[in-house]
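The values are calculated or read from the model by the stated rules, or taken from the named source; none is laboratory data. All values reported here derive from a predicted model rather than from experimental measurement. Here Cβ is always computed from backbone atoms with ideal geometry, including for glycine, and neighbour counts include all displayed protein chains. These accessible areas exclude ligands, DNA and RNA; they are computed on the full protein's heavy atoms, side chains included. Shrake-Rupley method; radii C 1.70, N 1.55, O 1.52, S 1.80 Å.
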Amino acid sequence: MSELQKTSKTLSYWLRHSPEAANLKMDGEGWVATKAVLEALKAEGLPDAFEHLSMVVMGSDKKRFEFSADLECIRARQGHSVTVVADWEPADPPPTLFHGTVDRFVESILVQGLLPQARHHVHLSPDIETARNVGIRRGKPVILQVNTGKLVEDGAAFFLSGNGVWLTAHVPPSALRRID
Ligand code: HQG
């Protein structure tokens with residue numbers, strides 16, 4: 001694993017799940033002082049130059065993190081399990097979204113629907129390729145197609161995170177179809 005990947009994984013853990021693991025103070029919108037993060041990286045034995053952190057933020061394939069406009073603060077764009085105030089944009093989803101998962105979860109998903117599990121929301125992908133990349137993290141990917149039209153009609157809220165991931169609270173089985 002490269003230093004950049006190590007830093008990225010460490011940041012994911014601190015900024016999504018456990019700021020207290022590095023003694024970081026997080027505000028209600030998930031922001032942490034950039035300076036404090038650099039100090040915490042140093043304490044972990046990871047590179048603590050702003051340029052390194054900036055490369056992790058800017059260079060991340062999935063845009064997992066963002067700086068505030070003045071670069072004083074940093075946060076994860078989504079994926080939190082700690083409580084943060086949602087300031088994701090409510091948005092009208094396209095008629096079809098996708099969820100990438102693996103075979104061993106499908107039976108349960110088709111009974112319970114998609115649940116957020118440890119996260120705040122169910123994460124949905126705008127296209128099959130992206131969903132496949134999400135599923136493949138756990139094994140042979142299985143793609144579920146989500147019919148959003150019915151859900152929106154029923155009043156479900158959708159949010160578009162800064163990096164193109166669609167978020168919603170729950171997707172019932174009736175809106176899901178397995179595609180192979
Ligand atoms: C499954 C990564 C059984 C669900 C990715 C998934 C994504 C159920 C797992 C982002 C279930 C949760 C999110 C049910 C859902 N029964 N299993 N009723 N409902 N599941 O990681 O969508 O690298 O929390 O199918 O690329 O896999 O973190 O969600 O397999 O964008 O930036 O429970 O995380 O991005 O897993 O991934 P996760 P996800 P990052």
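Residues of segment 97-146 that are away from the ligand (no atom under 11 Å from the Cβ) and in contact with a Leu (Cβ under 6 Å, 6 or more places away or on another chain): L97, V146. Among the numbered conditions (1) surrounded by fewer than 18 Cβ atoms within 10 Å (Cβ to Cβ); (2) away from the ligand (no atom under 11 Å from the Cβ); (3) part of a loop (DSSP other than H, G, I, E, B), the only one that G149 does not meet is (3). Looking only at residues in segment 56-66 that are touching a residue at least 24 places away in the same chain (Cβ under 8 Å) and out of contact with any helix residue (DSSP H, G or I) (no Cβ under 6 Å at 6 or more places or on another chain), the one that is least open to solvent (accessible area, probe 1.4 Å) is S60.
Taking segment 12-37 as the range and being away from the ligand (no atom under 16 Å from the Cβ) and of a type in the set (D, E, K, R) as the test, the residues that pass are E20, K25, D27, E29, K35. Of the residues making up segment 69-90, just one is loosely packed, with under 13 Cβ neighbours inside 10 Å and among the small types (G, A, S), namely A69.
If we keep just the residues of segment 152-180 that are within 17 Å of Q112 (Cβ to Cβ) and within 14 Å of the chain's Cα centre (by Cα), which is surrounded by the most Cβ atoms within 10 Å (Cβ to Cβ)? It comes out as T168.
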